[in-house]
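Student: Could you have a look at this structure, given as structure tokens, before my questions?
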Protein chains: 4
Amino acid sequence: MEKLRTIQDKIISFRNERDWAQFHDPKNLAEALSIEAGELLENYLWKTTEQSRNLSAEELQNVKEELADIFIFLTYLSEEYSIDLLTEVEKKIAVNAAKYPVDKAKGSNKKYTSF
Amino acid sequence: MEKLRTIQDKIISFRNERDWAQFHDPKNLAEALSIEAGELLENYLWKTTEQSRNLSAEELQNVKEELADIFIFLTYLSEEYSIDLLTEVEKKIAVNAAKYPVDKAKGSNKKYTSF
Amino acid sequence: MEKLRTIQDKIISFRNERDWAQFHDPKNLAEALSIEAGELLENYLWKTTEQSRNLSAEELQNVKEELADIFIFLTYLSEEYSIDLLTEVEKKIAVNAAKYPVDKAKGSNKKYTSF
Amino acid sequence: MEKLRTIQDKIISFRNERDWAQFHDPKNLAEALSIEAGELLENYLWKTTEQSRNLSAEELQNVKEELADIFIFLTYLSEEYSIDLLTEVEKKIAVNAAKYPVDKAKGSNKKYTSF
């Protein structure tokens, strides 16, 4: 298993070789993330939740590429703020664990504000 | 630097303890990603691209949490299809490198379809 | 039934009284639309398609407000380009009718590119 | 100026001729709106807010079609709940006027929660 940082370095090198950092202000990167999330969602449109578990090979390939794109833009945004994405994820898991204690949240899809 | 897989295992454990996999079909996860991407984008609304580089401490904290949320949903979706996210990212970088060769793409924000 | 233009004039007057046109460049308005669409979608998250037909009174109220917000931003964007929204809708219906002829599209959720 | 209801009736007739109401549960319609909003936003990606005011003829045509699509999905969702969109917009303008009184909001892009 390769370390995350190695991949993120590749993503940043890809950008630097193309001199694209000038276009990658956070506002545009956040837009790019929204656009990619929309493209991901398109693979599930007009499907039931059940049908969404059984994609065609072509749709699945499409989904994989969108997930990769989203990860790439996450990396650019993290780089912008010199933040370590995994550290933030660790913190968020702790926040979520406090919001959604197992005894209240187990088997429920309610938002924490309704506990 | 912690390995990515370790964090992803924590994210999946968090879910399993709460018995939430039943709600996490791909259609709903893709919706969640779109919603989180919108919440991220809200931090940049009514700002210029220049202003987006200078967030307040509160906005920056908000952005960090949204990035973490997006990563968490990426992990759930990857788990659904038993895909290794980093492998897909590696493949996507190769695809993008072919679409955007350095000599054509350097310093340009044009889409590859216009080359 | 009130005419559309009357409402759109109210929306623009609301803005002018607050001197907000300066913030309403199309890029920011398009972001606002994406953000509102995400807030609308949040009302359906973790629901099945069947459940989405039976919202609580509170959720329904929320949906109504999001639909209104989306309409308001549609109006601002139309104003920016001095376009008549209904004329564009008429044109789009004609385009869609050509893409999705009744004999091919009836009862099918396939995209026109697969006909 | 044609009345809004006339256009909305055309949109609903278009759907009925194709027997598409079966796919148009609110969850899927809300997804469609998010996807279209993302496609609209794509026209502004990597642009500054200033550049967004000067689209090419092709981009502008694209924007018009996305605005029409969004309006069409707004109509389908309104129909689902038998709501009159313009009535909701009137109510929302009143809500916004209370949240953003002219003396506090004039010339400011702050959110009402910060007043």
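Student: Let me know the shape class of the protein assembly as shown, please: from the alpha-carbon gyration tensor, a ≥ b ≥ c as square roots of the eigenvalues, rounded when a/c is under 1.5, otherwise prolate if a/b is greater than b/c, or oblate.
Tutor: rounded
Student: For chain D, set up a Gaussian network in which alpha carbons nearer than 10 Å are linked by springs, and say which option among D:48, D:75, D:87 fluctuates the most.
Tutor: With Cα springs under 10 Å in chain D, the top fluctuation among D:48, D:75, D:87 is at D:48.
Student: Related question: Treating cross-link reach as a plain straight distance, find the aspartates and glutamates whose alpha-carbon is under 20 Å from the alpha-carbon of residue B:104, omitting any fewer than eight places away in the same chain.
Tutor: Excluding near neighbours in sequence, the set is A:17, A:19.
Student: Given axes a ≥ b ≥ c from the Cα gyration tensor, I'd like to know whether the stretch B:48-115 is rounded (a/c under 1.5), prolate (a/b larger than b/c) or oblate.
Tutor: In terms of gyration-tensor shape, oblate.
Student: Then there is this: Residue C:3 label points, 7 Å along Cα→Cβ, one per copy: pairwise distances from this copy to the rest in nm, shortest first?
Tutor: 1.2, 6.9, 7.0
Student: Dipole size in debye (nearest 20) for the protein assembly as shown around its Cα centre, Lys and Arg Cβ +1, Asp and Glu Cβ -1?
Tutor: The dipole magnitude comes to about 0 debye.
Student: Just subtract the alpha-carbon distance of residue B:83 and residue B:111 from 0.36 nm times their residue separation and send over the number in nm, one decimal.
Tutor: Stretched out fully, the residue B:83 to residue B:111 stretch lengthens by 7.3 nm.
Student: Calculated from DSSP H runs of 4 or more alone, at -39500 (n - 2.57) each and per residue, what is the 222 nm mean residue ellipticity of chain B, nearest 500?
Tutor: Theoretical 222 nm ellipticity from helices: -21500 deg cm²/dmol.
Student: Which of the GluC sites (Glu not before Pro) across the stretch B:20-95 are loop residues per DSSP, with 12 or fewer other Cβ within 10 Å?
Tutor: In loop regions of the stretch B:20-95 (DSSP not H, G, I, E or B), the sparsely surrounded GluC sites (Glu not before Pro) are B:50.
Student: Average partner chain C-beta neighbours within 10 Å, per residue of A:54-60?
Tutor: 1
Student: Another question, if that's okay. Could you give the distance between the Cα centres of the stretch D:34-110 and the stretch B:51-115, to the whole Å?
Tutor: Here the two parts' Cα centres lie 26 Å apart.
Student: Right, next: For the pair A and B, how large is the buried accessible area, both sides, in square angstrom to the nearest 100, if the probe is 1.4 Å?
Tutor: Roughly 6400 Å².
Student: Using a 1.4 Å probe on the protein heavy atoms, what percent of the accessible area of the protein assembly as shown belongs to carbon and sulfur?
Tutor: So the carbon and sulfur contribution to the accessible surface is 47 percent.
Student: Averaged across the residues of D:69-80, what count of C-beta atoms belonging to other chains lies within 10 Å of each residue's C-beta?
Tutor: For peptide D:69-80, the averaged partner shielding equals 4.
Student: In nm, to one decimal, how far is the modelled label at residue A:16 from the one at residue D:99, with both set 7 Å along Cα→Cβ?
Tutor: 4.4 nm
Student: Could you tell me which of rounded, prolate or oblate describes the stretch C:1-49, using a ≥ b ≥ c as the square roots of the eigenvalues of the alpha-carbon gyration tensor, with rounded for a/c under 1.5 and, failing that, prolate when a/b is larger than b/c and oblate otherwise?
Tutor: Judged from the Cα gyration tensor, the stretch C:1-49 comes out oblate (a/c at least 1.5, b/c at or above a/b).
Student: What accessible area per residue comes out for the protein assembly as shown, rounded to a whole number of Å², with a 1.4 Å probe?
Tutor: Counting only protein heavy atoms, the per-residue value for the protein assembly as shown is 43 Å².
Student: With unit charges on the beta carbons (Lys and Arg positive, Asp and Glu negative) and the dipole taken about the Cα centre of the stretch B:70-115, which residue among B:97, B:75, B:85 sits farthest to the positive side?
Tutor: B:97
Student: Kirkwood Rh, chain B, all Cα pairs: how many Å?
Tutor: Kirkwood hydrodynamic radius for chain B: 17.0 Å.
Student: Next question. Might you report the magnitude of the Cβ-based charge dipole of chain A about its Cα centre, with Lys and Arg at +1 and Asp and Glu at -1, to the nearest 20 debye?
Tutor: 800 debye
Student: Going down the list A:111/C:99; B:27/C:27; B:91/B:111, which pairs span over 31 Å between their C-alpha atoms?
Tutor: A:111/C:99
Student: Can you list the trypsin sites (Lys or Arg not before Pro) in the stretch A:32-109 that are in a DSSP coil and have 15 or fewer other beta carbons within 10 angstrom?
Tutor: A:106
Student: Okay, next question. To the nearest 10 square angstrom, how much accessible area does residue C:112 have with a 1.4 angstrom probe?
Tutor: 80 Å²
Student: To continue, here is another question. Please compute the contact order of chain B in relative form: average sequence separation of alpha-carbon pairs under 8 Å and at least six residues apart, divided by the residue count, as a percent.
Tutor: RCO, chain B: 30 percent.
Student: Assigning unit charges at the beta carbon (Lys, Arg +1; Asp, Glu -1) and nothing else, what dipole magnitude in debye, to the nearest 20, does the stretch A:11-75 show about its Cα centre?
Tutor: 160 debye
Student: To make sure I understand the rule: partners must be lysines, Cα under 19 Å from the Cα of residue B:106, and not fewer than 8 residues away in the same chain. Which ones qualify?
Tutor: Output for residue B:106: A:10, B:92, D:47.
Student: Put +1 on the Cβ of each Lys and Arg and -1 on the Cβ of each Asp and Glu in chain A; which of A:48, A:33, A:20 then has its Cα farthest toward the positive end of the dipole?
Tutor: A:48
The values are calculated or read from the model by the stated rules, or taken from the named source; none is laboratory data. Note that the structure is a prediction, hence the values are computed from the model and not measured. Glycine gets a Cβ as well: all are built from the backbone with ideal geometry, and neighbour counts include every protein chain shown. Only protein heavy atoms, including side chains, enter the accessible area calculation; ligands, DNA and RNA are left aside. Shrake-Rupley method; radii C 1.70, N 1.55, O 1.52, S 1.80 Å.
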